[in-house]
Every structure is written in C-alpha cells, then in structure tokens.
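A short worksheet on the structure shown next.
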Amino acid sequence: MHNAVFEKRQDKTGIWFIKEERYVEWKIGSKSFLWLYGSAGCGKTFLSSTIIDDVWLTCQTNPKSAMAYFYFTDKQQPEFLVRSMIIQFSARYKNTPAALVKLHEQCQSDRRQPSTKDLMATLHLILEGFDHVYIVLDALDECAERAKLLDLIEEIITWKLERLHVLATGRRERVFLERLEPRASDSFDIQELIREDIRIYVQEKLRSQFINKKWLSKVQDAVENRLIENADGMFQWVALQLDALENCRNRDEIVEMLKSLPETLDATYDRILSKINKSDAKYAAQVLQFVAFAARPVTIEEVADVIAMNGDTRRRDQGLEDIMEILDICGSLVTFSSSRVLTLAHFTVKEYLISERIRCSTASQYRCDGELANTFIAEICLVYLLQSHKHNLGDRFPLTFYAAEFWMVHAKNGNFASLQGIIVDMLQPKSTGFLMWIKLHNPEDRFCSGHPTCTPLYYVALTGFSEAVQLLLKHKANVNVQGGFYGNALQAASLGGHEAVVQLLLKHKADVNVQGGFYGNALQAASWGGHEAIVQLLLEHKADVNVQGDFCGNALQVASLGGHEAIVQLLLEYKADVNVQGGFCGNALQAASWGGHEAIVQLLLDTKLMSMCRGVNMAMPCKLLHQEVMKLLFSCC
C-alpha cells in the first residue's frame, strides 16, 4: 500500500509539514500522540506517506528506534493492524523476539489462531525492546469497526512506554472527537494548510499527464488557478477533474469544462457515472458492486470472472474479450495497481455508491445495497464451487480461490432466504462444491487442505453460520456424527463461542456428553475458549462437569489454566471436583498455578474441598510458577 501511495505522490508533497515545529516535537517528545484531521479527499494519505518516509529515515540512524505504519481501508479489521505491527517491529530485531516465539509455540500446540488479547500482549513485550517507537496510522475513518480500533489504540497509548510516538489521520467525526482528541498531545486541521501541496500536484500532473498536448501551455495557468481555487483542500476532487480534462481535444473544450466544473465530490462522481455508455452500464454496476463489497482486494481477473456471469449466475458467459476494458468502462472510479489489483479510486466512491444521495441523482441505477451486493457475490461464489469440476483451476477461472475462502462471508451478510436453495446444493456431503471448498479452504485450519473428515454440518457449525446450521437440521442432518479435529459439531461450535449454533444443536438432541476430538467434549472446549454463556448452557443441559479427557484433563482444569475465573466459579457451583487428577497439568490447582492465575488459585483453595495442597506437585520447577502464586501455595501448606 505504501509503495502504491508513493508512486502517486509528488516529490515535494508534505515537505511543509516535516518542517513544522509541532511535528518535530512529536518525534522527540515523551509519549506523544499527534492527531491530524481533514475532510474526505483532502490528501491525508499523501501526507501520511511523506511522514512515513521521514520517520523511516530517522529510524535508520538509530537501531533502537522502530516504526510501524498502517493504511486502513474498509476491508481491514483492527486485528490486522496488530498483526502488521508485530511483523514490522519484529523485523527490527536481529532474531525473532522471544515473545513472538512463545506465542507461536502456544498456538501451534493448541491448534488455534492467537486472540487479539494474545497479540496485544505480545506486541507490548516486543515494543519494550526499543528506545523510540513510532506508529503511523492513516485513515482511521475508513475502518468499519471503529469502536474496536479505538479500544486498541487507547490500550497502546496507556502502555508504560515513555518514548512511544503515535500519529493518526482521519476525518473529524464524533467518535474521534470524543475518544481521540482528548488523548492527543496535539491535533490540527491539515485542510487549510495543504493548498501548496495541491498546487505542486496540479503543476506536475499538467506537465506529465498532458505532455503530448503542446497547445495546453496556453491555458495552463487558467487550469491551474481554477482547480486550486475550487479545490477547497480536496486532492481527490482535483485528481478527478484532471482525469476529465485529459479527454479534452482542444482549448475550447477545456475552457468549457472549466466553466462547468462540478462543485463537490458527489457531483463529480455523478458526472462520471452518467457518462458511462448504456451498453456498458451493466458491466460497470457489477464491477463497482463487487469491488466495493469484496472481502479483500481483488484482481482484475477475478473481477472479469464476475461480469462473465452475464447476469445469470447459473451459467458462465464469455464476458469481455479484453479484460482491460474494465478500466475504460469505470474510468476514474477505479485504480489498477502493478500487482493487477483493482480497487475503488477512493473511499468516498463507495460512500457515494451506498448513500441516499445517489438515489436522487442521474446515476441512481448504480446505487449499491450491502445486502443485495453480498447476495449477488455469494451466489456467484457458490456457483463457481458447484461447477468446479468443469474448471481448470488456473488462469481461466481465477475466482474459484476467492469463492472457496469468502463465499460464507458474503452469504452471512446477504439475504439468506434467497440463497437457501443453492446453499443446500452446496452443503451435500458428496457435492462438488463442498469437496472443493474443503480442498481449497478448510475452515478447520487455514493452512490445512484435503478431504473432509466430517459432515457439512460440522464445518458450518465450526464457522458459526447459524442460518446454514438451521437449514441443514431442517433437512435432517445427523447432529451427532463424529469426526473432524474437534470431534463433532457441538464441540466445534462450543470452542468457537457460537452460542446460537450450540442452542440449535442442543435443541435437536445433540449429545452433550459424547467424548472425542482434541478437547475431549463440548464442555471442555467451551471452558478452554472462555465462553461462559456456552458453559452455562451445556451445564443446564446436563453436561457431566467431572468427565475426564486425555490431554486436557477436565473442564475445571482447562478453565483454570486459561485464567477464566467466572467459568471456574460456575463449574465449582455445579460441583466440579477440585481434587481429581489427570491431564497435562495434573489437576486444576496446578493448572492455575502454571498459568499464574492467583485469583483462581485462591478460589480453588477456598472451596475447602481440598486437603491442604493435596495433589500439588511441589516438585514442579519453581521457575515455571509465578512468584505470587508460589507464596500463596506455601502459605496454605
């Protein structure tokens, strides 16, 4: 992303900011947080790019300084930020940070992905290895999960890192006014200060973009002055007008266009959409819909496969002879990268397409509805998987891989009622679509592929797709089939914290005490995952609180090891035996001690059902036990 922004940025853009006293103070100050805000399209991302380059140079002169940056889009989740920062900061170490090695070993042992809590704790430990830490975050307003993102930023700011420097950009919306600005050591509106950057941008574009139009020099000053005068600090507006001017064939056309420049981004987008040829309108609508609502950035080949459906998702048409025509059809609304990824030209394009404002415009036919778009994409994905026996899974059908990974994401966000028929076809044990899905994107393990080891019900329960679970149960799916890494559908849903799915399975007579799978049974899986509501639900349905597994021991032991105090309390209320032996840690007290969970150790000791330290292995190496836990244990002996 940074390289793509750098390629578009003019050389001297943002230099004025690098010389700002407040920016210099941010770089050297103690626990500094700088908040830069401005309206949509004002060039915040270009400025972020300049800042990133400057901070990178600073860090090169000091090996104990490190920087991480992140450009947000609507397709990125807050967790992606944490993962990206861990990767970037770890790269500054000579060897892999010990905290990251430990996290990897834990997750590999448990066959799970790290939680956000795990990732944040690891990031904190990694950052402690630097003298100066710089974090640059661009376009916070483009992140869909803003509340979760702000929680993470606020947590990072509270860490005891004296030389932590955070800089963030975004629009000055209420959520940022209330939660970010009070925490910022400095903040200011960049829109009024960016006029010179726009002038540089216009001059360079006129020079490079219109190099073959010698006659343009006679009106260049007029173009430059008019664009800067009307820009109102909006880079995106200027860029779109320059694209439109490029199509002018003579001075008279340019003069006429300058007289009728659209005043706003909305009006500009409306003009671009209205000029799309009627014969291309269907293609344009499908491209914009898919690119706007795709679960990840998509290639132009994947987009071409979508429009090849020719409006009929049950058959594949020939589509465009030249897929690069997509760029001609959509014009300035999309951008095409060197990696062949097609994206909307700016976040404001999607905002306009989904807005109520477009309803009243001449481009109303291009309005996008989230539910309809996801339904459209989900059906295309499902058709591709169901017809995959016809495919050569290579260059000719590139959408197949996207379909395998994201069909369920779109189905969950689409109109499920209209998708029921094709989902039933998909989720048959021997259907081509089901087999291809598991082969290309096994939800048990993102790194695992191959043949299914259990029924379709098991896999949709694992992913928490409650509507699909209900549909399969309605079609008489066997709720108690054993198989898969997690044993059965109930255990898989319990581990994932999918309460609605657990309720459905129990309602259809799922055996709550059946043994099998990595975690032994559903109660142990829910206890391991820390899902209190599901533990309560299973206990109410007569789950055996003291049943023993192999590696995990029992529910009380795994909850104690995981530090889930509320679940430990709940299990004790249901008469869990604190003294029972077994499992990796031996018993619940040793599990809590191993994990360093003092409150749980105290809770277990306070039950008075345990003889003084009975079963506690005092031969366990002291270095494996936390100091406060050791004191507590010895005080009870």
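The values are calculated or read from the model by the stated rules, or taken from the named source; none is laboratory data. Quick caveat: nothing in here was measured; it's all calculated off a predicted structure. In this analysis, Cβ positions are derived from the backbone assuming ideal geometry, glycine residues included, and neighbour counts consider all displayed protein chains.
Quick look at the numbers
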{"item": "Helices (runs of 4 or more DSSP H) within the stretch 470-531 that include 2 or more residues among the basic types (Lys, Arg) and under 29 Å from the mean Cα position of the chain (by Cα)", "result": "none"}
{"item": "Candidates 385, 353, 435 - the one that is more than 30 Å from residue 270 (Cα to Cα) and surrounded by 21 or more Cβ atoms within 10 Å (Cβ to Cβ)", "result": "385"}
{"item": "Options 271, 296; residue that is free of Cβ contacts under 8 Å to residues at least 40 places away in the same chain and either assigned to a helix (DSSP H, G or I) or within 17 Å of residue 336 (Cβ to Cβ) (or both)", "result": "271"}
{"item": "Entirely in the stretch 143-247, the helices (runs of 4 or more DSSP H) that have 2 or more residues that are of a type in the set (Phe, Trp, Tyr)", "result": "235-245"}
{"item": "Residue in the stretch 363-377 that is at pLDDT 95 or above, in a helix (DSSP H, G or I) and in contact with a Leu (Cβ under 6 Å, 6 or more places away or on another chain) present", "result": "yes"}
{"item": "Given (1) within 22 Å of residue 297 (Cβ to Cβ); (2) surrounded by 19 or more Cβ atoms within 10 Å (Cβ to Cβ); (3) not charged (D, E, K, R), index of the condition residue 401 fails", "result": "(2)"}
{"item": "Hey, residue 104 at pLDDT below 85 and within 27 Å of the chain's Cα centre (by Cα) or not", "result": "no"}
{"item": "Residue pairs meeting the criteria (Cβ under 8 Å; at least 6 apart or on separate chains; first crowded, with 18+ Cβ neighbours inside 10 Å, in the stretch 236-252; second among the aromatic types (Phe, Trp, Tyr) and outside any helix (DSSP H, G or I))", "result": "245/210"}
{"item": "Some residue of the stretch 418-429 being out of contact with any Leu (no Cβ under 9 Å at 6 or more places or on another chain) and assigned to a helix (DSSP H, G or I)", "result": "yes"}
{"item": "Exclusive hit being surrounded by fewer than 20 Cβ atoms within 10 Å (Cβ to Cβ), modelled with pLDDT under 90 and farther than 11 Å from residue 35 by Cα, set 146, 172, 207, 179", "result": "207"}
{"item": "Wholly within the stretch 48-141, helices (runs of 4 or more DSSP H) carrying at least 1 residues that are without any contact (Cβ under 8 Å) to a residue 40 or more places away in the chain, touching a Ser or Thr at 6+ places or on another chain (Cβ under 6 Å) and crowded, with 18+ Cβ neighbours inside 10 Å", "result": "98-110"}
{"item": "Qualifying residues in the stretch 319-344 (those that are farther than 20 Å from residue 295 by Cα and of a type outside the set (A, V, I, L, M, F, W, C)) - the one surrounded by the most Cβ atoms within 10 Å (Cβ to Cβ)", "result": "332"}
{"item": "Yes/no for residue 165 being surrounded by 15 or more Cβ atoms within 10 Å (Cβ to Cβ), farther than 25 Å from residue 14 by Cα and either at pLDDT 95 or above or of a type in the set (Ser, Thr, Tyr) (or both)", "result": "no"}
{"item": "Residue satisfying all of: in the stretch 216-231; at pLDDT 85 or above and within 16 Å of residue 248 (Cβ to Cβ); surrounded by the fewest Cβ atoms within 10 Å (Cβ to Cβ) among these", "result": "222"}
{"item": "Filter result (outside any loop (DSSP other than H, G, I, E, B), of a type outside the set (A, V, I, L, M) and over 20 Å from residue 480 (Cα atoms)) within the stretch 532-554", "result": "532, 536"}
{"item": "First in the stretch 568-596 and among the hydroxyl-bearing types (Ser, Thr, Tyr), second anywhere and surrounded by fewer than 24 Cβ atoms within 10 Å (Cβ to Cβ) and at pLDDT 90 or above, Cβ under 7 Å, 6 or more apart", "result": "574/539; 574/545"}
{"item": "Selection from the stretch 107-137 of residues that are under 20 Å from the mean Cα position of the chain (by Cα) and modelled with pLDDT under 95", "result": "107, 112, 113, 114, 115, 116, 117, 118"}
{"item": "Candidate set: the stretch 299-317, residues that are part of a helix (DSSP H, G or I) and not charged (D, E, K, R); chosen: the one modelled with the lowest pLDDT", "result": "307"}
{"item": "Only one of 272, 276 that is modelled with pLDDT of 90 or more, within 19 Å of residue 332 (Cα to Cα), touching a Gly at 6+ places or on another chain (Cβ under 7 Å) and surrounded by 16 or more Cβ atoms within 10 Å (Cβ to Cβ)", "result": "272"}
{"item": "Residues (modelled with pLDDT under 95 and over 14 Å from residue 379 (Cα atoms)) located in the stretch 391-428", "result": "391, 392, 393, 394, 395, 396, 397, 398, 401"}
{"item": "Every residue from the stretch 358-382 that is touching a residue at least 24 places away in the same chain (Cβ under 8 Å) and either out of contact with any helix residue (DSSP H, G or I) (no Cβ under 7 Å at 6 or more places or on another chain) or among the acidic types (Asp, Glu) (or both)", "result": "371, 372, 379"}
